[in-house]
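The values are calculated or read from the model by the stated rules, or taken from the named source; none is laboratory data. For clarity, every value in this text was computed on a predicted model and none was experimentally measured. Backbone-built Cβ (ideal geometry, glycine too); neighbour counts: all protein chains shown. Note: accessible area is taken over every heavy atom of the protein model, side chains too, but ligands, DNA and RNA are not part of it. Shrake-Rupley method; radii C 1.70, N 1.55, O 1.52, S 1.80 Å.
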Amino acid sequence: MNKAGGIIALIAGIFAVFASLFTLFFGGLDAALNNDTRIVSMGWLGLLFSFLVIVFGAVAMGAKTKKPGIGIIACSIIGGISGGTFVFICMILAFIGGILALNIKKDQPQITQQ
């Protein structure tokens, strides 16, 4: 399941990058018109945590521990809160991928026929 969780987190991270770029674009317009840079900072934080979700998703595909799954969950929560509405929507998918990445099966003994 950790491979599926990593793939879902990668897809969510890529969508979140586009969402944060969208936020940055409209935040730049708002900063130019109203001299307010809060939306721009939300876009940058969303971009940072989107890239971290992508990195943790790539690591989670081959991981033997639960640490990348925990990293995906933490980055998706922080990125969803600080990144804005569009990034939050994408981070919900990343959160689901992080939960799937936590399910690591132990190596089970192979049954051989004699």
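Quick notes on this structure:
- Scan of region 3-29 for residues that are open to solvent by 30 Å² or more (accessible area, probe 1.4 Å) and of a type outside the set (A, V, I, L, M), ordered by number: LYS3, PHE15, PHE18, PHE22, PHE25, PHE26, GLY28
- Residue in region 45-59 that is over 10 Å from the mean Cα position of the chain (by Cα) and more than 20 Å from THR23 (Cβ to Cβ) present: yes
To keep it simple, each residue is scored yes or no on (1) touching a residue at least 40 places away in the same chain (Cβ under 8 Å); (2) farther than 30 Å from MET1 by Cα; (3) crowded, with 18+ Cβ neighbours inside 10 Å.
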| position | (1), (2), (3) |
| --- | --- |
| ASN34 | no, yes, no |
| GLY43 | yes, yes, yes |
| ALA60 | yes, no, yes |
| ILE70 | no, no, no |
| CYS75 | no, no, yes |
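- Hey, PHE56 more than 11 Å from ALA101 (Cβ to Cβ) and open to solvent by 60 Å² or more (accessible area, probe 1.4 Å) or not: no
- Filter result for THR112 (modelled with pLDDT under 90 and either open to solvent by 80 Å² or more (accessible area, probe 1.4 Å) or part of a helix (DSSP H, G or I) (or both)): yes
- Residue ID - nearest to ILE89 (Cα to Cα), chosen from residues in region 13-41 that are of a type in the set (S, T, N, Q) and outside any helix (DSSP H, G or I): THR37
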